[in-house]
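This report concerns only the one structure given below.
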Amino acid sequence: MVFMPVPLLSVLNLHKRFDENPILKGVSLDVEAGDLVSIIGPSGCGKSTMLRCLNFLEIPDAGRISIAGVTIDCQGLEDAPPKDIQTRAHELRQRVGMVFQQFNLFPHRTVLENTMLAPMIVHGAKREEAEANGRRLLEKVGLGSEFAHRYPAQMSGGQQQRAAIARALAMNPKVMLYDEPTSALDPELVDEVLKVMKDLDAEGMTQIVVTHEMRFARDASDYIVFMEGGHIVEISDEDEIFTHPKDERTRQFLRRFI
């Protein structure tokens, strides 16, 4: 008997609209533990909306989301009491770390304090424990002790984004989500952030990355998801989708990068 691995993250028939404009039109995706998945596609195709739905920053209209043992049936959820929605979203977010285009660090707190805050407030971690863990994570992303007491404004964009990754990791997530993590960076700073993501992949962290960095998508991904018009058009491994895309929409999109 062959046992199929259970996906760490599963999305089934996900729908999301804003007013009368449908953005996600029945998206389904399974991601196994340890995978690094890049999501590519033209602007406005639903990539970032899907990512925000996974973390319940946007409430889906229909579908089902399962992450690390937490499953939410989204059908009719918009009519549920707000407290119920927040309870479910909070449970799901315990499993997920999120990194945004803009670094969203608290400007009035040091980098170390940024990594300490959520574990202390959400998990009740003691200050000494949160500080030790924060220093360890800053080292992990290449920000040694000389950066710990700097404020975000005293750091480059690449350094701030690496600090944002450390802050997300401080909550010990099962899955890391990145929404265009390098789009706000100068070109010379992109590689230092991508290196951190590759290192996390080598350690077995499950990661989903919305990106326009085709070189990173090809070099680092276990497989690539191409979206267009609110649908997943194609899922292929990192070599096949660039050399032999199956769908004409994928071919047209990738021509500008090849």
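The values are calculated or read from the model by the stated rules, or taken from the named source; none is laboratory data. Keep in mind that what you see is a predicted model, and the values were worked out from it rather than measured. Every residue, glycine as well, gets a Cβ built from its backbone with ideal geometry; the counts of neighbours run over all protein chains shown. The accessibility values were calculated without ligands, DNA or RNA, using every heavy atom of the protein model including side chains. Shrake-Rupley method; radii C 1.70, N 1.55, O 1.52, S 1.80 Å.
See the values below:
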item: Hits in the stretch 230-255 (condition: in contact with a helix residue (DSSP H, G or I) (Cβ under 9 Å, 6 or more places away or on another chain), within 29 Å of Asn21 (Cα to Cα) and open to solvent by 70 Å² or more (accessible area, probe 1.4 Å)); result: Ile235, Lys246
item: Hey, Asp84 of a type in the set (Asp, Glu), touching a helix residue (DSSP H, G or I) at 6+ places or on another chain (Cβ under 9 Å) and closer than 26 Å to Ala184 by Cβ or not; result: no
item: Failed item in (1) in contact with a strand residue (DSSP E or B) (Cβ under 9 Å, 6 or more places away or on another chain); (2) assigned to a helix (DSSP H, G or I); (3) open to solvent by less than 20 Å² (accessible area, probe 1.4 Å), with Leu138 passing the rest; result: (1)
item: Wholly within the stretch 1-45, strands (runs of 3 or more DSSP E) carrying at least 1 residues that are open to solvent by 40 Å² or more (accessible area, probe 1.4 Å), polar (S, T, N, Q) and more than 17 Å from Phe56 (Cα to Cα); result: 21-31
item: Per-region count, the stretch 76-113, residues closer than 30 Å to Gly157 by Cα, open to solvent by 20 Å² or more (accessible area, probe 1.4 Å) and either in contact with an Asp or Glu (Cβ under 7 Å, 6 or more places away or on another chain) or not in a loop (DSSP other than H, G, I, E, B) (or both); result: 6
item: Residue that is crowded, with 16+ Cβ neighbours inside 10 Å, of a type in the set (A, V, I, L, M) and in a loop (DSSP other than H, G, I, E, B), where the choices are Met176, Met171, Met197, Met227; result: Met171
